[in-house]
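The values are calculated or read from the model by the stated rules, or taken from the named source; none is laboratory data. Computed from a predicted model, the values in this text were never measured in an experiment. Virtual Cβ from ideal backbone geometry, glycine too; neighbours counted across all protein chains shown.
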Amino acid sequence: MKFPYSMLLDFVQTDLTAEEAGDLLTMAGFELEGIEEVEGEKVLDIKVMSNRGDGLSILGLAREVLAKEQDSVPTELYLNAASRFADRPAPTTPNPATATIETPDCNRFACRVFEGVTNGPSPDWIQTRLRKAGQRPISLFVDLTNYVMMELGQPLHAFDYDKLRGGRIVVRKPRPGETLTTLDGKEHELQPDQMMICDAERPVSVAGVMGGEETEVTAGTTRVLLESASFLNTSIRRTRKQLGLNTEASYRFERSVDPDGVVAAIERFSDLLGQAGSEIFDVYPGKVERQPVAVKMDRARVLLGMYIEDKQAQGYLVRLGMEVMGHGDPFYVVPPSWRPDIVAQEDLVEELGRVHGYEEIPELLPAGTTTLGGQRGQMEEVDRLREAAIRAGYIQIVSHSLRDLHPLDAPGERVEPRNPASPEMAYLRNSLLPSLADAARRNGGRDLHLFEIGKVFSRSSSGFGESRSIGFMSTGELIPSDRKGEAVPNATFFSLKGDLEAISHAVGRLLEASAPLEGDNRLHPSRQAQLVHQGAAVGVLGQIHPSVSEELRLPRETIVAELDVDALLSDSESQLALRPISRNPSIRRDIALLIDKAVPYREIDQAVIQSGGEILERHWLFDVFEGQGIPDGKHSLGIALQLRKFGDNLTDEEANQVRAKVVAALAQLGGATR
Amino acid sequence: MAGVFVGFPIALKNSMVEKPTRPGWFQTSHNGLFMSEVETLKTQALQQIAHTASAADLKMLHSALLGKSGSLSGLLRQLGQIRDPEEKRAFGKAVNDAKAEVEAAVESRLAELRSKELEAELASEQIDVTMPGRRPRVGYEHILQLTTDKIKKVMGGLGFEYLEGPELEDFQYNFTALNYPPDHPAMDDQDTFYVTDDLVLRTQCTALQGRVYELRKPPLRVVTVGRTYRNEAIDRTHNHTFHQVDCFMIDEGVSMAHLKGTLGLFARAMFGPDVRVRFRPDFFPFVEPGVDYAISTPKLFGGRWVELGGAGLIHPNILRAYGINPDIHSGFAFGLGVERIPMMAYGVDDLRLFLENDLRFLEQFRSAPPVAAGVGLAAQEDVRSRLTAMSPLEAAVEHHVTA
């Protein structure tokens, strides 16, 4: 809320400068968002919390200054406002209008009629103050309603009484087919759950939101009906949202407006207008008796962690307009009508804390029960997985989950937010590969090894899915080339496959790559694999399809992989089984195997392991050769066997026997030694 | 380089080595003559050894002197010409002694030459140590990860367990369970992405609280870090996607002082030991009292207070909803944007940088320091100084609060 400092000084007598008052309000919870000089005066901009509608008035802010600043004194205006201008003599002119409330959403409705008025410009001083507050002066009656709203927080509305039909106000829900053109010139088709101010025949104003065009005060107005009312905040919020309106009035009603201040605002308006007007017509069906709240000071001190004496505490509450009853433990507090936010002891604990000053709270570390901090289980494994990726030389990226469509999106139905602010955030990602490709492009697209770990989203007949995924993209030099002409290895399907094996091994999981059942269109048709863990597909690995990499302007040999981390880690962590190490020497035997290329290496691998028996400590593929001297459709594989016994030295003969067994097993697969 | 022996003693290019003169084999059989021949050969050999210029030359000289057909070894063949056994023995001993002496001289000269040669060799292998090192390929964490790790470490040390909740969150957990009244303007503070009426992209990691309370009872301490969403346009200071830390604990007697102490320690761990914390009233439906907290350090912000996040005591309505008695238990919660931490600690001035993945930005954090040193001590000192500054009455309450 913006207001010139002099308006606050109308209510409080204080030596505080505008800046000091702003700081004080900030520490009371009403944040000074800015202070600027307008027409020679300091104008404060105060942000009011959504539960403190009472702070959307000079009166409310003055109350806070008076509570916190011991040396400040209330002015006569403050005292008058606090007593709700109760000493104003009752006018003798009868009120020509009546009002009825036909909806529970209206707590109170009051009105007064002013006759024989001229709706010219408002006094200069009011115009000046409104301008300083950032508002445009319009006419006497409009300006006065705005001014009183700033002072007291009570929205008012001035109708041209002669344009109201039937001399009667009805607060009700619209009837089917009713419409209303609001002050901004827009015509609205009204919905049955909206609240309207109506005359005897039709809606004339959206209750608590905006007046109607037809009944607005104009230069020719001579009789004015001034409305002051209190409405249910949720109803105002619903109506203004449906109608797409947002006004100073609705902003206040949505938060809270003091229902007991409804008539006081009319009195203040009359004071400023300098005309008593008619009797006030006032219906108040929503009057609520505030229930006393018990305050146990011992508990309050425990919760605040600082010491406030009982008497001191009661003093703070009284200054905030609360009624304190009793002096014992607990004592009781009846909150004032403008503080609907106070319903329980904790609410009062906050009041005590902020008036006494949060700066008085000491810093203590929690005592009490010691709990085991840190992380366990899958959370821990996720960290290990990520750290393994970094050890393997991949750079972590973190990118948006909301994005547009991309050629590397996974297949499947997408999750979309209903109301994205722009098309760049229309979909929730279902794969990490698109952002990896984006990141690769952003960073030159060459010699990059990136990964991301994060959530991906999917949708199926059973509902929405969210799972943690880890994605990799690897292209170009595996180690940076250093000098001219130096040959360094480049990323291949197998370099990423090896890294994935090492990374999953870091969390005790074994990954197998198998030819996919169904091809992944994003990937090179004959250079892609399904990643399998314990029989379940957990991801994909492959070279990006050349037509996709061309479209994305990435190198042809760009390898990607994506693993469903939740699926990979779903089984309980494998127990580490420590093997004893043999201190006996090992013997190596090599096999040069000529075999059909169609035989998958996995089968060869299995045959070697099964036939090698216990003595086969380790084996590995050290050569793949095709070409000269090798028949078409076949290749020659160099397989090394490392043989070792435990507790005894292996003889050459024993080693040869193992090799022979392995060769025999490989012969079963159609392989021949060369 | 130095002379190459082409069979000693016949020819020596190096004039430094004199051709050994010795009496003819058959000229005399006088014992004295044999003995003087041994002496002469030895003296000459020692001279030659001392003058040898390379290890290779020395090796050749060694075999010319002491090899099978070496000159000194050859002397023993003259033994046959001596008939007197006494003389024979004396001559043999003299030859063997001479051989041993020469052998030792060769060895010591060899060591000398080798060390010189090694020196020369090493000198010739000189490199320019100021040339650049071989660049390895290095993987590294994203700055948000480094920050998250740091948060987990600090809060873990205070007994907070790290847990995570879903990003696609039930409206119930994101709002209702957190004491948001239906149709309340507090929800306007957060422009929410709705997926269905009941499902939103979580606007706050605080949404984890209800999920935890369903499964656990106090005492509990939880820290979570995660991604949150608000439907707003992107600029330097706004992003529709950002990250949040949320910490909460429930136990008996948990107070605003514990909140302040924990936040103080946390802030000092993130920003350095001289950071101070300030509370200001603020409103969040899930806390009462609710505050926002700002930090200040002479080093980082020149004494200005900079807002960091929201905090407060967990609202009793929430405790009650999960069967926790607010007359016995109380708890605090605080949260802040993860991005705020590197923004303030390193002066990052554009929120967009965090999710753009420009490696020129990210690689700079490879040397980001871990948790600030001396933090725990500073916090303790702070508390101690506050305690000593308290009146006895206050200290009694302090005791009550902590007991």
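Residues in region A:347-389 that are closer than 29 Å to A:VAL507 by Cβ, in contact (Cβ under 8 Å) with a residue 12 or more places away in the chain and either hydroxyl-bearing (Ser, Thr, Tyr) or touching a helix residue (DSSP H, G or I) at 6+ places or on another chain (Cβ under 9 Å) (or both): A:GLN378, A:GLU381, A:VAL382, A:LEU385, A:ARG386, A:ALA388, A:ALA389. Taking the criterion of being of a type in the set (Gly, Ala, Ser) and touching a Pro at 6+ places or on another chain (Cβ under 6 Å), the only residue of region B:225-264 that qualifies is B:ALA257.
Among the residues of region B:214-224, the ones that are in contact with a Ser or Thr (Cβ under 7 Å, 6 or more places away or on another chain) and more than 11 Å from chain A (Cβ to nearest Cβ) come to 0 in all. Determine which member of the set A:VAL663, A:VAL658 is under 10 Å from A:LEU593 (Cβ atoms) and in a helix (DSSP H, G or I). A:VAL663 is the lone residue from the list that is under 10 Å from A:LEU593 (Cβ atoms) and in a helix (DSSP H, G or I). Every listed requirement among (1) more than 60 Å from the chain's Cα centre (by Cα); (2) at pLDDT 95 or above is met by A:TRP620 save one, (1).
For region A:130-169, residues that are free of Cβ contacts under 8 Å to residues at least 60 places away in the same chain and not aliphatic (A, V, I, L, M) total 7. Applying the criterion of being within 14 Å of another protein chain (Cβ to nearest Cβ) and among the charged types (D, E, K, R) to the residues of region A:249-281, the residue that is nearest to A:PRO340 (Cα to Cα) is A:ARG255.
One residue stands out in region A:462-493 among those that are out of contact with any helix residue (DSSP H, G or I) (no Cβ under 8 Å at 6 or more places or on another chain) and not in a loop (DSSP other than H, G, I, E, B): the one that is farthest from A:GLY445 (Cα to Cα), namely A:GLY463. Can you find, within region A:212-237, the residue that is farthest from the other protein chains (Cβ to nearest Cβ) among those that are of a type in the set (Gly, Ala, Ser) and farther than 16 Å from A:VAL113 by Cβ? Among them, the one singled out is A:GLY220. Of the residues making up region B:63-84, those that are under 18 Å from B:SER36 (Cα atoms) and part of a helix (DSSP H, G or I) number 12. The set of residues in region B:119-169 that are part of a helix (DSSP H, G or I) and over 26 Å from B:GLY264 (Cβ atoms) comprises B:GLU119, B:ALA120, B:GLU121, B:LEU122, B:ALA123, B:SER124.
As a summary of the residue check, A:PHE30 satisfies the conditions (1) under 25 Å from A:ILE342 (Cβ atoms); (2) touching a Gly at 6+ places or on another chain (Cβ under 6 Å); (3) away from every other protein chain (no Cβ under 14 Å); (4) free of Cβ contacts under 8 Å to residues at least 60 places away in the same chain except for the one numbered (3). Scan region B:205-213 and tell me whether some residue there is facing chain A (nearest Cβ under 8 Å), touching a residue at least 40 places away in the same chain (Cβ under 8 Å) and among the small types (Gly, Ala, Ser). For region B:205-213, residues facing chain A (nearest Cβ under 8 Å), touching a residue at least 40 places away in the same chain (Cβ under 8 Å) and among the small types (Gly, Ala, Ser): absent. Does A:GLY177 count as of a type outside the set (Lys, Arg), within 36 Å of the chain's Cα centre (by Cα), more than 26 Å from A:VAL288 (Cβ to Cβ) and surrounded by fewer than 20 Cβ atoms within 10 Å (Cβ to Cβ)? Judged against the criteria, A:GLY177 is not a match. So, in region A:449-467, of the ones that are under 21 Å from the mean Cα position of the chain (by Cα) and under 26 Å from A:LEU554 (Cα atoms), which residue ends up farthest from the other protein chains (Cβ to nearest Cβ)? The selected residue is A:VAL456.
Each row is one residue, and each column tells you yes or no for (1) closer than 25 Å to B:GLU169 by Cα; (2) free of Cβ contacts under 8 Å to residues at least 40 places away in the same chain.
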residue	(1), (2)
B:LEU215	yes, yes
B:PRO218	yes, no
B:THR224	yes, no
B:ARG227	yes, no
B:MET256	no, no
B:GLY261	no, no
B:GLU307	no, yes
B:ALA311	yes, no
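All of (1) assigned to a strand (DSSP E or B); (2) under 25 Å from the mean Cα position of the chain (by Cα); (3) facing chain B (nearest Cβ under 10 Å); (4) buried (at least 23 other Cβ atoms within 10 Å of the Cβ) hold for A:LEU436 with one exception: (1).
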